[in-house]
Amino acid sequence: MKANLKKHAALLAGAVLLANTQLAQADDQQTIIELQKRIEQLEQSMNERLNAMADSMDSAQQSSGAAKKVHIGGYGEMHYNHLDADGTDTRQIDLHRMVLFFGYDFSDRARFVSEFEVEHTLVSDGARGAVEIEQAYVELDLMSNMQFRSGVMLMPVGMINETHEPPTFYGVERPVIETTIIPTTWYSAGISLTHQLDNGISYDLMISEGLKTDDPTYNSDADPFDLKSGKQKASFADAFDLAVTGRVVYRGSAGLELAAYAQYQPDLDQSAEISYADDATLVGTHVIYQLGDITTKALYARWDLGGDAADAAGKAVQDGGYVEVNYRLNEQWGFFARQSAWSQKDDMNASQSDAGVNYYPVEGIVFKADIQQQNEDAGNADGFNLGMGYMF
């Protein structure tokens, strides 16, 4: 803008100089008066043009600056499942989810993050679809390596609860341990603190709404120890008994990630008038190690539920884990194998084997294919899955 102003100022100066020269050479008073009027008109016109140009460039700069503060992204995935469970043939296709991210930077140290999701395409009476706000929080930098968050956030547990865009993991469906024992996607309303240390260690502390499992007092078919169904999802969530969650992560060595996490909540029934469940404690750990094109992952998580009722139901301990090995052949092809085992009640020994391939035609898009086999406790659902996913 300064260069353009200087250019127009030079033109104005030249015009004035020319007019003054003509004035000096004029022979009569009338010519002088006419030339003075022309100079005044020229000055006024040039000032108006310079002011208009300055206003236009300032407006453009302000619009550009505002646009840089807004961040838009998203991801989605479609699945085809062809499975046989004890002779029952299942073949279905489903746009599992479509998600839009929206963020805004208030300043260099304050920002807003949100995630809007539609599942299974259709949301109406009788439909299995859902509309969810999985994230909606404000983040403040207390220091360059410490952030405070307040709002709806993803729980800092597991390997994929916080990072679950389709191109970031193998398999059409998410790992079964992280949809049963760790009920991914798991989000809650609360506050959190994250701190990254110089030695490769970081930690998270979070206080949030707790789970509230089904109440058998009003529904005889309710399972008060089905933890996945106890997610309140920040929707009129009872907050009589808050949950405390903590995580420590080490990433100080190349290719290595070690993590441990825990959550405690004092009462799964949120202090119901007639108590039907007691406290619950989750502990978990995982390791990721990448050596060249080969990555090995392992995860274990366990819930311990207090109270005689949980013991009597055989669900006082619910745990599981998996091991995965994947090989990235090149930028476009990757292969994996995963073995999972879990138990959600006494005498349950569920297991599932998965193996498949991911194809990445361009960065941000993935096509997937895998086969799965389950034992009887897991549901005997054997077959194959196809999927497409994207992120931007």
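The values are calculated or read from the model by the stated rules, or taken from the named source; none is laboratory data. From a predicted model like this one, the values you see are computed outputs, not experimental measurements. Note: ideal-geometry Cβ built from the backbone for every residue, glycine included; neighbour counts use all protein chains shown. Side chains are part of the model used for accessible areas, which takes the heavy atoms of the whole protein and leaves out ligands, DNA and RNA. Shrake-Rupley method; radii C 1.70, N 1.55, O 1.52, S 1.80 Å.
You can think of it this way: the chain between Gln339 and Tyr327 has 2.8 nm of extra reach, that is 0.36 nm per residue less the Cα-Cα gap.
Where only DSSP H runs of four or more residues are counted, the chain gives -6500 deg cm²/dmol as its mean residue ellipticity at 222 nm, each run worth -39500 (n - 2.57).
Within region 266-371, the GluC sites (Glu not before Pro) that combine a DSSP coil assignment with at most 12 other C-beta atoms in a 10 angstrom radius are Glu273, Glu331, Glu363.
Normalising the average separation of contacting C-alpha pairs (under 8 angstrom, six or more residues apart) by the number of residues puts the relative contact order of the chain at 13 percent. For Glu209, the accessible surface of its heavy atoms amounts to roughly 10 Å² (probe 1.4 Å, protein chains only, rounded to the nearest 10).
Which pairs, out of Lys233/Lys345; Lys231/Lys297; Lys212/Lys315; Lys231/Lys368; Lys212/Lys345; Lys231/Lys315, put more than 21 Å between their alpha-carbon atoms?
Where the Cα-Cα span goes over 21 Å, the pairs concerned are Lys233/Lys345; Lys231/Lys297; Lys231/Lys368.
Between region 235-277 and region 315-347, the alpha-carbon centres lie 22 Å apart. Relative to the longest principal axis of the Cα atoms of the chain, the long axis of helix 29-69 makes an angle of roughly 10 degrees.
Rounded to the nearest 5, what % of the DSSP beta bridges within the chain are antiparallel ones?
Of those bridges, close to 100 percent are antiparallel.
For the chain, modelled as a GNM with alpha-carbon contacts under 10 angstrom, which of Met143, Met153, Met206 fluctuates the most? Highest fluctuation of the listed residues: Met143.
More than 39 Å apart: what percent of Cα pairs in the chain qualify? Kindly include the intermediate steps, with their values, before the conclusion.
Details: 26360 of 76636 pairs.
Within the chain, distances greater than 39 Å cover 34 percent of Cα pairs.
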